[in-house]
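Here is the structure we will look at.
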Amino acid sequence: MNLFISLETGLREIFSHKFRSFLSMLGIVLGVGSLIATMAITGGIERGTRAFMEQIGGLEMVNVVNKEISNDLQDFWNLSPGRTLQDAYAIKQAAPLVSHVSPQLDLGLPVSSGGQTMRVRVSGVWPDFLEIARHQIAAGRFIGDLDVDRGQRCAVIGNTIAATLWPNLAPADTVGQTIYLNDSPFTVVGVFTLYERDRDRLARERGLSKVEEDRRERRGTRPNRGDPFRGKNEAVLIPFTTMFYEFKSAAFPDNSSDTVPIENLTIRIGNLKSFEQALGEVRKALEITHRGVDDFGFDTREDWFDQMEQRMRSTRTSGGLIAGISLLVGAIGITNIMLASITERVREIGIRRAVGARARDIFLQIIVESVSIALMGGVIGVVVGFGIVQLLTLLAPGDSEPFISAASIGLSIGFAAVVGVLSGIYPAVQASRLDPIQALRYE
Amino acid sequence: MALVLLQDVKKYYFLGGQEIRALDGVNLRIDEGEFVAITGPSGSGKSTLMHLLGCLDTPTAGRMEICGHDLSQATSDQLSLVRNREIGFVFQSFNLLSRLNVVENVEVPLIYSGVPGRKRREKAESLVRRVGLEQRMRNRPTQLSGGQCQRVAIARALVNDPRILFGDEPTGNLDSHTGELILHMFTELHQAGRTVVLVTHDPDVAAVTHRVIEIRDGRVQREYDPRVAA
């Protein structure tokens, strides 16, 4: 029998019992709704976390860190110079799978614009640092090779720094201004964009609620407390060489810029597919500069990603459980309604059989009907899911905005269809097994 | 040519552990173009015979051929196919689908023969016209009189151009005047060349046919031509 005819018959049946059909859809509606909401929330968290990860450097960023050396190697400890600029050169030359490398010299310094003063951590870096830390220039430029070669007194500053030091200027307009680091004048050559989480952006766009403002006033907390982007927004970056000659050489009179211990050594792996090989290359290069002493290690972001995955898995499981139970209830509801509907239509089934319908035609008719109910419930459920998501964002704005993907809609509708087929099977078998003669006599 | 061929057909039921011999060795042959009445008192087995002839059931034993199909041990799907293509069935209680209108009711058998939508509609409408209900095409069965309902049922029975038209007490639910009109339609269909088989206990109905088969106790008791009897 023509599927389209079954569909028409099915829809006619559904619409002739509108309220009953709607009631039987409810389970599916709730199931699909919570499925959509769960996927939107976890999807939002995932997207937010990924974006955040990207902004703080992504999986490709690796810190080369110091490591306690094992007891039996204690005697050789002095052989290794520790992390120095030599390491950065070595990696640059001997590790082609590493796309970017930058050493880092840090120093806490008073920073002033002439008027405002604040104490921040200033870092001396290479031009590669821009890519490694995934910084974005809002205005001006980053530190260039020439700046490093010549030890230029130039600085690139984070958005918050710019806004704090020059409250009357737009951050972008601070390019060209003079900044004083420990009273040495530096030219601001670039300003970074403002990095913020979805939550903070939303709060900024909407404005703080009165309650939140009062609370902050009382406690005196800064609004960006706990902000993971704080470090990036409060960055003051100058050329590596400038940092050494201006601020460090006095502290390390015996060292050249090549041998001064560096605070940080960060690299960026060119391609995640060759992550392990790249780390192997780095290890080989550093074994030479560290004279075979195993006093360094790698700090990667893989653990962060694993944690995030785990958190999302648990959210997904609990949401999926609710959705699953609702869908099960929905399936039972549809089965129940279809059984009732068949009992009502025994005679109709008999008539159809008498004029030539095969058992499988009746089976198909019932299945199409239950699938239609389930799909309608699914579509309504998607709408309800959108509603739940809207409500949730309104009531409890979280770290990341929920995000309804086309795939999650497709998946939910698919689930509804499967539920429709499964819940229709038993009634359909019952209906198709009716004896035509008995069915025709049925009153 | 024989459209119906029954050889020693038996149909037994088991009811509460007791064997009921509804048909106990029926031999019957109906040729193309015949106009036949099957009569008998209630409990004689004529309904069971009707169900067999209407391909709603298979015999317990014996040989049964309908329109050249050996249906002695037919499957449910084979029976459905024969019901759909070779047989038209008119019931005492009309058996129309109350949620469908007249044309849609007539269309139902065509749906199961896989006729595409537009052609189905055209064919159904032409048959509704043939039974004289062109004014009532979009009406539901509940809005029609009994006679009109039976005309819709006849249109439905004819829509697949069957070789045999069965009527199971087709006038049983109608007043005598309407019954006569319906009976007249069957006569006309026979005159146009259709093989018509009526099941009835009404002697007046049986009288318009050309061959009466009397069933009693599950057997053919006698056969006669009502036009020459009396």
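The values are calculated or read from the model by the stated rules, or taken from the named source; none is laboratory data. Note that the structure is predicted; figures quoted are calculated from it, not measured. Note: ideal-geometry Cβ built from the backbone for every residue, glycine included; neighbour counts use all protein chains shown.
Out of all the residues in segment A:312-324, which are of a type in the set (Val, Ile, Thr) and in contact (Cβ under 8 Å) with a residue 12 or more places away in the chain? Working first, answer last.
Just the residues of segment A:312-324 that are of a type in the set (Val, Ile, Thr), to begin with: A:315, A:317, A:322.
If the condition is that a residue be of a type in the set (Val, Ile, Thr) and in contact (Cβ under 8 Å) with a residue 12 or more places away in the chain, then A:315, A:322 are the ones that fit.
To keep it simple, each residue is scored yes or no on (1) at pLDDT below 95; (2) closer than 12 Å to residue B:166 by Cβ; (3) hydrophobic (A, V, I, L, M, F, W, C).
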site: B:11; (1), (2), (3): yes, no, no
site: B:19; (1), (2), (3): yes, no, no
site: B:27; (1), (2), (3): yes, no, no
site: B:42; (1), (2), (3): yes, no, no
site: B:45; (1), (2), (3): yes, no, no
site: B:50; (1), (2), (3): yes, yes, yes
site: B:54; (1), (2), (3): yes, yes, no
site: B:57; (1), (2), (3): yes, no, no
site: B:60; (1), (2), (3): yes, no, no
- Message: Testing residue A:173 on (1) surrounded by fewer than 18 Cβ atoms within 10 Å (Cβ to Cβ); (2) touching a strand residue (DSSP E or B) at 6+ places or on another chain (Cβ under 8 Å); (3) within 30 Å of residue A:59 (Cβ to Cβ), one condition comes back false. Which one is that?
- Response: (3)
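Residue-wise test of (1) at pLDDT 90 or above; (2) closer than 30 Å to residue A:16 by Cβ; (3) touching a Lys or Arg at 6+ places or on another chain (Cβ under 6 Å).
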site: B:82; (1), (2), (3): yes, no, no
site: B:90; (1), (2), (3): yes, yes, no
site: B:115; (1), (2), (3): no, yes, no
site: B:121; (1), (2), (3): yes, yes, no
site: B:124; (1), (2), (3): yes, yes, no
site: B:152; (1), (2), (3): yes, yes, no
site: B:161; (1), (2), (3): yes, no, no
site: B:165; (1), (2), (3): yes, no, yes
site: B:173; (1), (2), (3): no, yes, no
- Given the conditions (1) at pLDDT 85 or above; (2) closer than 20 Å to residue A:129 by Cβ, which single one is not true for residue A:300? (1)
- Among the listed residues A:233, A:271, which satisfies the condition of being in the same structural domain as residue A:184 (by TED's automatic domain parsing) and surrounded by fewer than 16 Cβ atoms within 10 Å (Cβ to Cβ)? A:271
- Query: Can you tell me which residues in segment A:326-358 are over 18 Å from residue B:89 (Cβ atoms) and among the small types (Gly, Ala, Ser)?
  - Reply: A:326, A:330, A:331, A:333, A:340, A:341
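So in segment A:327-362, with the set limited to residues that are of a type in the set (Val, Ile, Thr) and without any contact (Cβ under 8 Å) to a residue 60 or more places away in the chain, which one is farthest from the other protein chains (Cβ to nearest Cβ)?
A:343
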- Extreme residue, farthest from the other protein chains (Cβ to nearest Cβ), among residues of segment A:303-324 that are aliphatic (A, V, I, L, M) and over 19 Å from residue A:373 (Cβ atoms): A:308
- Just for segment B:127-143: of the residues that are exposed (fewer than 14 other Cβ atoms within 10 Å of the Cβ) and either touching a residue at least 60 places away in the same chain (Cβ under 8 Å) or over 14 Å from residue B:159 (Cα atoms) (or both), which one is farthest from the other protein chains (Cβ to nearest Cβ)? B:135
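Do you know which of the residues in segment B:66-102 that are at the interface with another protein chain (Cβ under 8 Å from one of its Cβ atoms) and among the hydroxyl-bearing types (Ser, Thr, Tyr) is farthest from residue B:196 (Cα to Cα)?
Narrowing segment B:66-102 to residues at the interface with another protein chain (Cβ under 8 Å from one of its Cβ atoms): B:76-77, B:80-81, B:83-85, B:89, B:91, B:95-97, B:99.
Keeping just the survivors that are among the hydroxyl-bearing types (Ser, Thr, Tyr) gives B:76, B:80.
Details: B:76: 24, B:80: 20 Å.
Per the criteria, the residue is B:76.
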- Any hit, segment A:15-31, residues being touching a residue at least 60 places away in the same chain (Cβ under 8 Å) and within 14 Å of chain B (Cβ to nearest Cβ): yes
- Message: Exactly one condition in (1) within 28 Å of residue A:254 (Cα to Cα); (2) touching a residue at least 60 places away in the same chain (Cβ under 8 Å); (3) within 36 Å of the chain's Cα centre (by Cα) is false for residue A:73; which is it?
- Response: (3)
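State yes or no: is residue A:141 within 24 Å of residue A:195 (Cβ to Cβ), free of Cβ contacts under 8 Å to residues at least 12 places away in the same chain and either of a type in the set (Lys, Arg) or in contact with a Ser or Thr (Cβ under 9 Å, 6 or more places away or on another chain) (or both)?
Judged against the criteria, residue A:141 is not a match.
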- Query: Does segment A:426-436 contain any residue that is acidic (Asp, Glu) and either within 21 Å of the chain's Cα centre (by Cα) or modelled with pLDDT of 95 or more (or both)?
  - Reply: no
- Query: What tally of residues in segment B:152-188 results from selecting those that are small (Gly, Ala, Ser), free of Cβ contacts under 8 Å to residues at least 60 places away in the same chain and in the same structural domain as residue B:5 (by TED's automatic domain parsing)?
  - Reply: 2
- Go through segment B:12-33 and give me each residue that's part of a strand (DSSP E or B), without any contact (Cβ under 8 Å) to a residue 60 or more places away in the chain, over 27 Å from residue B:204 (Cα atoms) and of a type outside the set (Val, Ile, Thr). B:12, B:13, B:14, B:15, B:18, B:19
- Task: State the number of residues belonging to segment A:377-415 that are over 16 Å from residue A:319 (Cβ atoms), among the aliphatic types (A, V, I, L, M) and out of contact with any helix residue (DSSP H, G or I) (no Cβ under 6 Å at 6 or more places or on another chain).
- Result: 5
- Listed by first then second residue, the pairs whose first member lies in segment B:110-126 and is within 8 Å of chain A (Cβ to nearest Cβ), whose partner is charged (D, E, K, R) and surrounded by fewer than 18 Cβ atoms within 10 Å (Cβ to Cβ), with beta carbons under 8 Å and at least 6 positions apart or on separate chains, are B:113/B:85
- Query: Any idea how many residues of segment A:401-436 are within 14 Å of another protein chain (Cβ to nearest Cβ) and crowded, with 18+ Cβ neighbours inside 10 Å?
  - Reply: 4
